């Protein structure tokens, strides 16, 4: 009886996951899975292998920052061989191993290696195991930094594609961490325990423990709020596009915007779009909120300011042009 119950529960989980996966990527798409060896990514691997047999490949990044990392990657490789999923171990090629900003630098390294791997394998979708609890942590971390709607919208089920047309998909954003642990337990798979997940020098670990200690906070409700904010962000993007079409002229190396009585947030977004379109500095990095606020204040009072090599001139019309070389360097 217990065995039948477990089988029924596993079947339900697979069907639930199949619906979630189909919602973010077409059923005929081959997908790559990023698998660290922890319970979340192992559950993602197990569910995807059942939901889309022969359409899944997996990769594990060995960051080469802990002595155990190679053995953990090889454990994932063995599991993949057992369930019939192609697997690759991607080893970090550090010029110099990080001693500060470890999590952020590791994340950048991980995504670079995974995107290169996906491109080489001809995959257009890369699935990660972010879930409800991750989403709640992300929103609280960004809230503590004073993020706007765009930041508080959190992680989307489908991330923006890159120049390589590889989309990041997150089919588990409706799942709790405890549910993913149960998937692993049901399959008899023992996940890796990464000690960094207990190290309170990392902000995410501190937020995770604070959430666990605050029984009056519901991570699922916080994640739902992130979803509502994502809808609001979509509406703001739509409104910004309409405003751009209505009030922006561009040509001959300049962009001209007539702001009229447009709401402040839409103005900030027009500035961002104009500056990024003309930027000669910053290597394509997005603009910070305080940078946009400073430029907005200057333009509203008819002053000039330079940002990312773009000269911004206020007045009844706001003009954006590439700054002369000397001004751009200054």
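Observations on the structure shown:
- Residue in segment 315-325 that is more than 18 Å from residue 255 (Cβ to Cβ), out of contact with any helix residue (DSSP H, G or I) (no Cβ under 8 Å at 6 or more places or on another chain) and assigned by TED's automatic domain parsing to the domain that holds residue 266 present: yes
- Leading residue by the ranking (modelled with the lowest pLDDT) among those in segment 123-147 that are crowded, with 16+ Cβ neighbours inside 10 Å and assigned to a loop (DSSP other than H, G, I, E, B): 147
- Extreme residue, farthest from residue 151 (Cα to Cα), among residues of segment 285-314 that are surrounded by fewer than 13 Cβ atoms within 10 Å (Cβ to Cβ) and out of contact with any helix residue (DSSP H, G or I) (no Cβ under 8 Å at 6 or more places or on another chain): 302
- Residue in segment 199-206 that is under 28 Å from residue 118 (Cβ atoms), surrounded by 13 or more Cβ atoms within 10 Å (Cβ to Cβ) and either outside the structural domain of residue 38 (by TED's automatic domain parsing) or within 15 Å of the chain's Cα centre (by Cα) (or both) present: yes
- From the list 243, 181, the one residue that fits, being surrounded by 15 or more Cβ atoms within 10 Å (Cβ to Cβ) and under 30 Å from residue 271 (Cα atoms), is 243.
- Within segment 46-61, the residues that satisfy the criterion of being touching a strand residue (DSSP E or B) at 6+ places or on another chain (Cβ under 9 Å) and over 15 Å from residue 115 (Cα atoms) are 48, 49, 52, 55, 56.
- Answer from 77, 71, 64 - the residue that is in a helix (DSSP H, G or I) and over 27 Å from residue 13 (Cβ atoms): 71
- First in segment 19-32 and within 20 Å of residue 175 (Cβ to Cβ), second anywhere and assigned to a loop (DSSP other than H, G, I, E, B), Cβ under 6 Å, 6 or more apart: 20/171; 21/171; 24/157; 24/171; 32/123
- Complete set of residues in segment 249-287 that are in a loop (DSSP other than H, G, I, E, B) and closer than 15 Å to residue 312 by Cβ: 253, 258, 259, 279, 280, 281, 282, 287
- The set of residues in segment 300-330 being touching a residue at least 40 places away in the same chain (Cβ under 8 Å) and closer than 16 Å to residue 265 by Cβ consists of 318 alone.
- Members of segment 47-61 found to be closer than 22 Å to residue 11 by Cα, surrounded by 24 or more Cβ atoms within 10 Å (Cβ to Cβ) and touching a residue at least 40 places away in the same chain (Cβ under 8 Å), listed by number: 47, 48
- Within segment 279-299, restricting attention to residues that are at pLDDT below 95 and more than 17 Å from residue 265 (Cβ to Cβ), the residue that is farthest from the chain's Cα centre (by Cα) is 280.
The values are calculated or read from the model by the stated rules, or taken from the named source; none is laboratory data. Note that this is a predicted model, so its numbers are computed, not measured. So basically every Cβ, Gly included, is an ideal-geometry build from the backbone, and we count neighbours across all protein chains shown.
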